[in-house]
Amino acid sequence: MSFSSRRQQLLDQHVAHLLQCRRCAHMLPPPVSGGPILSKIMLVGQAPGAREPVLGQPFAWTAGRTLFGWFEEFCHLSEMQVRSQIYFAAVCRCFPGKTAAGGDRVPAPDEIQNCSMWMNDEIDLLQPRLVIPVGKLAIAQFLAFEKLDEVVGRSFRLRRNRRAFDLIPLPHPSGASPWHRIPPGIGLLRRAMRLIARHPAVQNLCGKKPREI
């Protein structure tokens, strides 16, 4: 068995185990996964919404349409290409449920800790060259910051579990926040997407040499 085939087998097993996870009493299963995509790029979301478990994939509703629109505009990758060539992870893999006010509940620290093992194992297994955290909660798993202005539009070189990778944060594409649609967010988002588009790992998805944008 080749090294690549062995890693695919391990990833298949990892995702199968992930989908069986029921560690958090207040999370609403099933866990959501984008599938065992062997990739050098990881996209890290926050947590599924109410529709993702039903539709069986991350970013399956309106925020997803916005996110995939960014990749189409800046990277010339369709939603199908992104889903089939980028590994989708998340801070928490199950829907946290709703608050009394009707919004999505923010995962509790113990729930985030419980789920962190999955992402740590994925970083070890995939050895990504590029990690794209989407939204404040996802970015906070890698960087200490106060405002999105401090981190969006920049590339960071990080090391976790002895693995080095580039980190390019994105704002959450949810319609609940106008940050990515107004200054300075709109300009920082565009800068971040240009950094992603010219990253060698993204260029390799289309068989292109890295280029300047």
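Values in this text are rule-based calculations from the coordinates and carry no lab data. In this text, all values refer to a predicted model and were calculated from it rather than measured experimentally. So basically every Cβ, Gly included, is an ideal-geometry build from the backbone, and we count neighbours across all protein chains shown.
Residue separation of Asp149 and Arg23 scaled by 0.36 nm, minus their Cα-Cα distance, works out to 41.9 nm of gained length.
Taken along the Cα-to-beta-carbon direction at a fixed 7 Å, the label points for Thr99 and Ser78 span 3.9 nm.
Sorting Glu146, Glu72 by the number of Cβ atoms found within 10 Å of their own Cβ, with the fewest placed first, yields Glu146, Glu72. Name all residues of segment 17-42 having a backbone nitrogen under 14 Å from the label point set 7 Å from the Cα of Val54 along its Cα→Cβ direction, giving them as ranges. Zone members listed by number: 30. Here the spin labels are modelled as points 7 Å beyond Cα on the Cα-Cβ line, and at Thr62 and Arg157 they lie 4.1 nm apart. Residue by residue, segment 21-29 carries 3J(HN,Hα) couplings of 5, 9, 6, 9, 5, 9, 7, 9, x Hz when phi is fed to the Karplus relation 6.51 cos²θ - 1.76 cosθ + 1.60 (θ = phi - 60°); x denotes Gly or Pro.
Note that segment 29-205 carries a Kirkwood radius of 16.3 Å, evaluated over its alpha carbons pair by pair. Calculated from the alpha-carbon coordinates, segment 44-129 shows an Rg and a Dmax of 14.2, 40 Å respectively.
The longest stretch of the chain left intact once loop-based trypsin sites (Lys or Arg not before Pro) with at most 10 other Cβ atoms within 10 Å are removed from consideration, loops following DSSP, is 23-146.
DSSP assigns beta bridges within the chain; of those with both partners inside it, close to 40 percent run antiparallel. FRET efficiency for the Asp121 to Ser2 pair, using the beta carbon distance and R₀ = 30 Å, is estimated at 0.90. Segment 118-192 and segment 32-104 have Cα centres separated by 14 Å.
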